[in-house]
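First the structure, in the form of structure tokens, and then the observations on it.
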Amino acid sequence: MTYVGKPVDRVDGTLKATGAARYAAEFPYPDLAYAALVHATVARGRITRIDAGLARKTPGVVAVITHLNAPAMKPPPKPTPMDLSTMATSSSVSLLNTDEVHWNGQPVAVVVAETLDAAREAAHLVEVEYTELPATVDFAAEEANARPQKNTLLSSANTQKGDAEAALAAAPFSVDLRYTTPGVNHNAIEPHSTTAYWDGDQLVLHDATQNTTWARDQLAIRFDVPKKNVRVISPFVGGAFGGKSLVWPGTVLTALAAKVTGRPVRLMLTRESVYRTVGGRTPSIQRVAIGAEAGGSMTALIHSSVSRVGKVGGWTEQITTVSRHMYDAAALQVRQSLVRLDALPNTIMRAPGESIGSFALESSVDELAYQLGLDPIELRARNEPARNPVDGKAFSHRLLLDCFEQGAKEFGWAERAPQPRATRDGRWLVGMGVAAAYHPAWQFQANLTLRLSADGTVLVRCGFHEMGMGTATAISQITADTLGVPLDAVTIEYGDSDLPGAGTAGASAQTATVTASLLDACEKLTDGVFALARKTPGSPLRGHRRQDVTARDGGLYRDSRGESYGEILRRAGRESIDAQVGSETRLGELTGQVRFMSKFLMDRRRWMKAACGAQFCEVRVDAETGEVRVSRWLGVFDVGRVINTKTAASQLRGGIIMGIGMALAEETLVDPRTGRIVNASLSEYHVPVHADIPTIEVRCLDDPDPTMPLGVVGLGEVSVTGVAAAVANAVHHATGRRIRDLPITLDKLL
Ligand code: MOS
């Protein structure tokens with residue numbers, strides 16, 4: 001292949017670097033108005049008075065919309081996987097159609113003004129009074145009230161194999177540990193933004209979203225118009241990480257403001273408004289207990305978690321997923337339970353579940369290794385399962401130990417003194433830590449059309465999403481290689497709900513999802529081109545069989561015989577030829593989905609598919625102040641085939657950086673009395689900056705998964721998993737201290 005597997009530059013790189021790429025808040029409209037949100041200041045209650053007098057007097061204010069004057073919308077549909085058009089619901093609250101408040105920060109008014117400054121200024125002047133109702137807001141205090149989570153069709157929250165508690169009690173060696181991780185917030189570079197306008201009963205939105213179809217469907221339901229009346233356009237998204245999967249209040253309220261004012265309206269959330277209206281990662285309390293024989297064989301593995309959802313909605317995280325797949329323990333028990341709070345619904349964030357679950361599991365494995373006097377990599381090798389531990393399914397692909405082996409060699413693991421606090425460099429205590437990374441592979445269904453024109457160009461139309469991962473580039477590469485055309489002959493249209501739907505850019509599934517349909521479409525297209533050539537008099541391909549002909553060099557060839565696509569089309573008197581996968585009718589899409597999901601779930605019954613990897617970390621800890629610096633990083637990953645070595649490495653690095661943030665800095669602080677997030681800004685919520693991050697080396701084994709399209713296993717999320725544990729294990733190796741509560745801030749090390 002010419003392009004696949006190469007470090008091809010991003011096809012949209014120049015657009016982005018020159019500022020020509022337009023994001024949702026950058027589309028100019030004459031008569032554009034600007035919106036700002038007013039947030040509730042109580043966790044639960046009813047609004048008794050809203051005084052917008054001062055706000056309305058602010059020069060430039062166009063409208064102040066509250067529950068007193070907002071037009072009625074349909075309530076949010078209950079999200080169910082059985083009806084994909086409901087899936088984008090982020091909470092059950094009928095915003096601005098009720099006087100009820102369900103979380104501290106819920107939008108209670110929208111101000112629209114001629115300028116951004118006027119809107120934000122006036123938003124501060126809206127006075128709201130409440131009758132407060134008793135609220136449950138303190139996650140830690142509710143641990144005892146956690147209720148068991150139920151198993152669902154797509155995920156199982158509770159699994160048992162043998163009697164793990166008895167095996168643990170009988171084990172000669174064991175650890176039984178408690179971990180806590182805080183809630184963390186979404187902080188994409190581009191805050192959630194929407195520009196919306198109504199043309200009669202047609203709604204057009206530029207929205208930063210991971211799923212234009214879900215967003216379109218949700219808005220059509222809320223505003224009670226047919227889906228075809230709503231268009232969601234989102235060609236560029238400035239980072240999303242799960243935070244832009246669902247439709248959050250800002251999007252709905254911008255469409256509402258545009259309706260009320262009859263003007264195009266833009267809402268770019270302030271960073272504070274992102275914290276108050278877009279869910280983050282759940283906090284967790286976890287128990288991991290492992291029993292082992294003296295040789296290291298695990299006899300028991302127990303992993304249980306408590307996490308949070310809002311009473312009005314929220315994502316139930318699969319925190320214990322990793323413990324179902326990582327180690328060959330004779331007895332296994334995973335359990336998840338939930339606390340329901342009067343809080344903003346939490347949502348998915350890069351490797352929801354695995355990222356925090358792997359912190360607890362991989363830290364515990366390290367502790368057990370020390371107890372056994374075994375190298376932590378060796379302990380993992382001795383417990384590497386031949387088949388999926390919970391159910392004995394075959395792994396489609398799993399090179400975890402190869403990742404550890406290659407990583408150990410390159411990182412110099414063998415030179416590490418086994419005992420903690422043994423290496424010092426001046427004031428710095430130096431330590432190395434390791435942890436496994438793991439993320440299940442998913443695939444959804446994409447609809448897609450292809451057009452090959454007589455000038456040799458190819459147009460791919462598919463409503464996938466580009467949030468910075470490089471999907472457009474990867475899909476261009478695959479198209480060019482499969483049809484045998486140059487990369488610059490390929491144009492891709494994406495990020496628009498009017499295109500054939502491609503489902504969600506989530507679960508690290510997008511490349512595999514689009515690739516499957518793209519390969520089908522390319523096959524159909526070349527079949528069509530060949531059929532034209534075969535029946536056209538004078539074609540050198542007349543009389544040949546399809547299977548003897550290959551797509552290459554811009555045409556179809558058998559040995560030296562054949563001709564370019566342009567020649568074939570022109571000879572047949574055609575300007576272009578199309579191929580399509582999936583259907584654009586509602587019924588067609590639905591049957592396509594059902595057919596796809598049943599095939600996918602059958603396949604998953606047979607195979608356990610996942611990406612995995614080995615994270616190697618070196619830290620330096622200031623012996624006096626407890627300051628932790630990450631000084632070296634190497635991640636070695638098994639992500640199946642790599643389509644673009646440059647964008648893949650970039651994405652893997654990004655995940656590691658996000659994991660370092662989780663390990664050392666990030667923490668959403670909630671006032672336990674009021675439920676209010678108190679650090680809703682990047683000045684008080686710390687994310688790593690360049691000065692915090694060393695050179696991060698990433699390697700991919702680049703071995704195709706035989707069960708996935710082109711062998712692609714998703715790589716968007718796996719690299720955030722295991723990171724926090726590798727850091728914590730390195731901190732322990734440096735200092736002798738085990739920190740089991742994230743983030744590992746210096747106060748915990750003194
Ligand atoms: Mo991802 S957290 O599924 O965007």
By residue number, the members of region 569-588 that are crowded, with 19+ Cβ neighbours inside 10 Å and either under 30 Å from A509 (Cβ atoms) or out of contact with any strand residue (DSSP E or B) (no Cβ under 7 Å at 6 or more places or on another chain) (or both) are I577, A579, V581, G582
**Prompt:** In this structure, does T213 turn out to be touching a residue at least 12 places away in the same chain (Cβ under 8 Å), within 28 Å of V42 (Cα to Cα) and β-branched (V, I, T)?
**Reply:** no
Can G291 be described as of a type outside the set (F, W, Y) and crowded, with 24+ Cβ neighbours inside 10 Å? yes
All-but-one check, E410 against (1) assigned to a helix (DSSP H, G or I); (2) without any contact (Cβ under 8 Å) to a residue 40 or more places away in the chain, failing number (2)
Within region 331-379, the residues that are in a loop (DSSP other than H, G, I, E, B) and more than 16 Å from the ligand (Cβ to nearest atom) are D342, A343, L344, G373, L374, D375
Among (1) under 23 Å from H192 (Cβ atoms); (2) touching a helix residue (DSSP H, G or I) at 6+ places or on another chain (Cβ under 7 Å), V128 falls short only on (2)
Note: among T277, T254, just one is away from the ligand (no atom under 16 Å from the Cβ), farther than 30 Å from E143 by Cα and among the polar types (S, T, N, Q), namely T254
Among the residues of region 224-246, the number that are within 14 Å of G503 (Cα to Cα) and within 16 Å of the ligand (Cβ to nearest atom) is 5
E26 meets each of (1) of a type outside the set (S, T, N, Q); (2) touching a His at 6+ places or on another chain (Cβ under 9 Å); (3) crowded, with 16+ Cβ neighbours inside 10 Å with one exception, condition (3)
Considering region 475-513, residues that are away from the ligand (no atom under 16 Å from the Cβ) and either more than 29 Å from S564 (Cα to Cα) or under 18 Å from the mean Cα position of the chain (by Cα) (or both), and then whichever is surrounded by the most Cβ atoms within 10 Å (Cβ to Cβ), we arrive at G501
So, first residue acidic (D, E) in region 498-518, second residue away from the ligand (no atom under 11 Å from the Cβ), Cβ within less than 8 Å, six or more apart or across chains; the pairs are D498/R231; D498/G463
Considering region 514-542, residues that are among the polar types (S, T, N, Q) and crowded, with 22+ Cβ neighbours inside 10 Å, and then whichever is nearest to the ligand (Cβ to nearest atom), we arrive at T515
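None of the figures in this text is laboratory data; all of them are computed from the coordinates on show. Remember, it's a predicted structure, so these values are computed and weren't measured experimentally. Backbone-built Cβ (ideal geometry, glycine too); neighbour counts: all protein chains shown.
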